[in-house]
Amino acid sequence: PDACDLANGTSDDDNGNEIPDACDLARGDLSLDGCIDAADLGLLIALWGLTDPPIGDLNGDGVISAADLGLLIGNWTPCAP
């Protein structure tokens, strides 16, 4: 469970939302602010076309492309005002 991974230090939770950062990044929360919004879109666009990127390769094919954009948009969850 995520709580165990966080408690024993095998997963990081830099944004303190009790979800491992790796899971946040895999959904598209590239800025780790707890929502998937324009900030994440900006990061994805900045990495566009990059092979073996450090973040943003949401489908795991090794390049930032339209497939990743589609996944990010599909997971879009803006922060509450």
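For this structure, a couple of remarks:
- Any chance LEU58 is hydrophobic (A, V, I, L, M, F, W, C), buried (at least 16 other Cβ atoms within 10 Å of the Cβ) and modelled with pLDDT under 95: yes
- Complete set of residues in region 46-55 that are part of a loop (DSSP other than H, G, I, E, B) and among the small types (Gly, Ala, Ser): GLY49
- LEU43 vs. criteria open to solvent by 60 Å² or more (accessible area, probe 1.4 Å), at pLDDT 95 or above and touching a Leu at 6+ places or on another chain (Cβ under 7 Å): yes
- Residues located in region 63-77, provided they are within 15 Å of LEU25 (Cα to Cα) and loosely packed, with under 12 Cβ neighbours inside 10 Å: GLY74
- Within the set LEU43, LEU58, LEU72, the sole residue that is in contact (Cβ under 8 Å) with a residue 24 or more places away in the chain and not in a loop (DSSP other than H, G, I, E, B) turns out to be LEU72.
- Scanning region 1-40 for residues that are assigned to a loop (DSSP other than H, G, I, E, B), buried (at least 17 other Cβ atoms within 10 Å of the Cβ) and touching a Leu at 6+ places or on another chain (Cβ under 8 Å) turns up ASP13, PRO20, GLY28, LEU30, SER31, LEU32.
The values are calculated or read from the model by the stated rules, or taken from the named source; none is laboratory data. The structure presented is a predicted model; accordingly, all values stated were derived computationally and were not measured. Backbone-built Cβ (ideal geometry, glycine too); neighbour counts: all protein chains shown. Side chains are part of the model used for accessible areas, which takes the heavy atoms of the whole protein and leaves out ligands, DNA and RNA. Shrake-Rupley method; radii C 1.70, N 1.55, O 1.52, S 1.80 Å.
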